[in-house]
1. For residues that are under 19 Å from Leu493 (Cβ atoms) and touching a Pro at 6+ places or on another chain (Cβ under 8 Å), tally how many sit in the range 393-422.
2. Give the residue that is surrounded by the most Cβ atoms within 10 Å (Cβ to Cβ), with candidates limited to residues of the range 55-99 that are polar (S, T, N, Q) and in contact (Cβ under 8 Å) with a residue 40 or more places away in the chain.
3. Evaluate the following for Ser221: is it outside any loop (DSSP other than H, G, I, E, B), buried (at least 17 other Cβ atoms within 10 Å of the Cβ) and either within 46 Å of the chain's Cα centre (by Cα) or free of Cβ contacts under 8 Å to residues at least 12 places away in the same chain (or both)?
4. Among the residues of the range 546-593, count how many are crowded, with 18+ Cβ neighbours inside 10 Å and part of a helix (DSSP H, G or I).
5. So which of Arg293, Arg303 is touching a Ser or Thr at 6+ places or on another chain (Cβ under 8 Å), closer than 23 Å to Asp29 by Cβ and among the charged types (D, E, K, R)?
6. Quick test for you: out of Ala203, Ala140, pick the one residue that is at pLDDT 95 or above, part of a loop (DSSP other than H, G, I, E, B) and out of contact with any Gly (no Cβ under 7 Å at 6 or more places or on another chain).
Amino acid sequence: MDDNLLRQFENCLQFEPPWCAAACPFHLDVREFISRLQRGNADAAYKVFRDAVAFPAIVAALCPAPCKTACIRRESDEAIELNLLERACLAHAARQEPNSYNVPQKNKRVAVVGGGISGLACCLRLAAKKYQLTVFERGARSGGHLWQRLAPEVFLAEFERQFQFVDYELLLNKEITDLAALAEFDAVYVASGSGGADFGLLAQGNPVQINAKTAVFCGGSLLGKNTVEALADGLTAAAAIERYLQTGIPQPAQDTCATKIQIDRAKLQPAPRVAPSQGYLYSLDELVKEAKRCLRCQCDACRTYLDLTAYYNKWPLRIKDEIQATLLPGRADLKAVPAKRLINSSNLEGTLKQVCPAGIDIDSLLLAARHNLHAQGKQPWGFHHFWLADMAEANSDQAALARAPRGKTKCKYAFFPGCQLGASDPRYVSVTYCQLLRDEADTGILLCCCGAPANWAGDTELHEQALEQIRRGWQALGQPTLLLACPMCKRQLRQYLPQIPTAFVYDWLKPPSPGQASGAYAVFDPCASREEPELRAKIRELARAAGCSLEPLPQNEACQQCCSWGGQTALANPDYTKSVINKRIGESKLPYLTYCANCHDIFAAHGKDNAHILDLLYAIRPPQAAPPTVSERRANRRELKKQLLTELWQEAWPPPSAEQGDKRPLLITPALQKRLDQERIFEEDIRRVVIFCESGGRKVWHPQGEYYCGYCEIGPMTYWAQYRQSGSGFELLNFYAHRMKIDLEVVWNGRKTVADL
């Protein structure tokens, strides 16, 4: 695995704080606090607030609310009233008692110089963790300048509440004039207040010093902080002191308000501020309503636009960790492989790289993971077997073709429609090619697959074989410019065969006559068109010239997403695939205009009216036309080759010498044909099972149902068929298939047989 694919995740902004939390002196987890308030759970929200600020009643009363200035909602209406939400939370929280933990006493001693709010905050945080705390206060009472800022009954009651389960020593009227008097302590926090003794720390410009064996920290009003900032300083100092006590390394208290967060401004829909009906106190219902105005800002472009993260409810960092765990060497039955299905569920459409502010390319990681799984022999072959078999058919002698125009051996251009356009309907290729020949006679044709199925399956060797077939065909035709119909083919060729010049065939097609087509459509741009803005514009130009009115798909035009076909996810995760399809077809009630054969047929298969751009140009199929089955797609490819050779090159196809095999028909009901299509099983393979069982006598008679049953292995698949004789052929009654092999299959009734299919 390339380290760069993993290193890019270091830039992930998932954990960047929102602007309000970054501005907050305590860096309150605003997302979690608001989340609990949105559910009306004031007790749970209070716990989040208390854990962050230590003295919630004091902070709620005195906080100047810097979060309000930072709130992004100010760009659309009014900032969230976070301080009012904090006060309401205190008012509605029934349980405000701190938790008491049975933590072992620690042998480290910490002194706090100053019994004001900063010193007491540091004391509370460390004493709660069972460090031995002593507070030295020069005056006769603790609280510092709180006596001038707040009613004593408020902060004294808060001190009593929060310290009730904490042991510490408070020494009043005890002034420290020399830090040498505290040499017996392991750490000291100087929080002597505004104008208090700094023991020369500030003059040296270092907030952390080592005095003999004692680490000395300072903060609070001594550094010019206001009351709330001083309280926060005490908490950050406590964290720095604990780090020192655990590691022996003195480091300044870490307090940063920077954030790199980015969010989609489109989410800023106006939502009027909720005004409290009782002065400055929200009712519980008002509290919930105001909390729901909060966007809980988080960099979530990956969750908004990427189907995979939304479906699995996992962030890219979590997916990366699961991929790493899955790819660790070792037998799959001896270690966890948590992400095999997830790795093979991705559509690999490149969405995250486009929308992520950090430019994280998770699809490259997922694709590399598939190749890694295949190299280790851990890739579940059943996830991709159908598409590899389909690619093999497209690249076979029965469907593949590389020809220059009649009478030539070389050509300037060659139409490369890809393997799916002709499978959808042979006329898409034949009609377009004939038009190309009329406009540019020096145009050949190259029929084969771009190799994407093998690449997506992680099979590097098979992928290279597919690329080599394209390379040989292109060189045999004189290295022409390939005119492409499929954006995915363009993406594959650009990445793996960059030496081949390419262009889109739509730039060669003449605009139709006005009025040739009509109706309103929403253009669905396939995911592979993301890097092709000129192609997207050309499709719209052709459609409008034909007489169509077009309406945008806002999300698709902003970020071209997959129809569900990319990455071959349907067998690895059918539920995920269905969720993606439903998302896409639900974006508009208008019929879609497509220019990808896969998008076209997938939408049609799920009841979405749509037309391919070639339908508008050449009136090939109506928008309501049913898509071909998987078996019909195979037959369409063969028919395309036959049609081209016989009509344009006047060659008989297939050759008379071609082996015809057993031609006895197999009758299949429409219901069974539908099942075959849904399970991606070719009718031809089921027919081979029946012929194999008949020719070798490997069948079992079921007298009650009056049918035969038998099975046959074809590649790594095992197919079963229940059938009976019908006239000169057979009638299929039922079938099923295992994406596995049967052990000792060569043993049949005590005899070893070799079945050469």
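1. The number of residues fulfilling the criteria is 4.
2. Step by step, filter the range 55-99, then rank; the result is Gln96.
3. no
4. Final tally of qualifying residues: 8.
5. Result of the check over Arg293, Arg303: Arg303.
6. Details: Ala203 fails: at pLDDT 95 or above.
The match here is Ala140.
Table: residues versus (1) buried (at least 23 other Cβ atoms within 10 Å of the Cβ); (2) in contact (Cβ under 8 Å) with a residue 40 or more places away in the chain; (3) assigned to a helix (DSSP H, G or I).
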| position | (1), (2), (3) |
| --- | --- |
| Thr409 | no, yes, no |
| Ala414 | yes, yes, no |
| Val429 | yes, yes, yes |
| Gln435 | no, yes, yes |
| Cys449 | yes, yes, no |
| Trp456 | yes, yes, yes |
| Glu468 | no, no, yes |
| Arg471 | no, no, yes |
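Every residue, every condition in (1) under 30 Å from Pro338 (Cβ atoms); (2) modelled with pLDDT of 95 or more; (3) not acidic (Asp, Glu), yes or no:
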position: Lys378; (1), (2), (3): yes, no, yes
position: Phe386; (1), (2), (3): yes, no, yes
position: Arg403; (1), (2), (3): no, yes, yes
position: Pro417; (1), (2), (3): no, yes, yes
position: Asp439; (1), (2), (3): no, no, no
position: Leu447; (1), (2), (3): no, yes, yes
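The values are calculated or read from the model by the stated rules, or taken from the named source; none is laboratory data. In this text the structure is predicted, and so the values were computed from the model without any measurement. Heads up, the Cβs are rebuilt from the backbone with ideal geometry, glycines too, and the neighbour counts pull from every protein chain shown.
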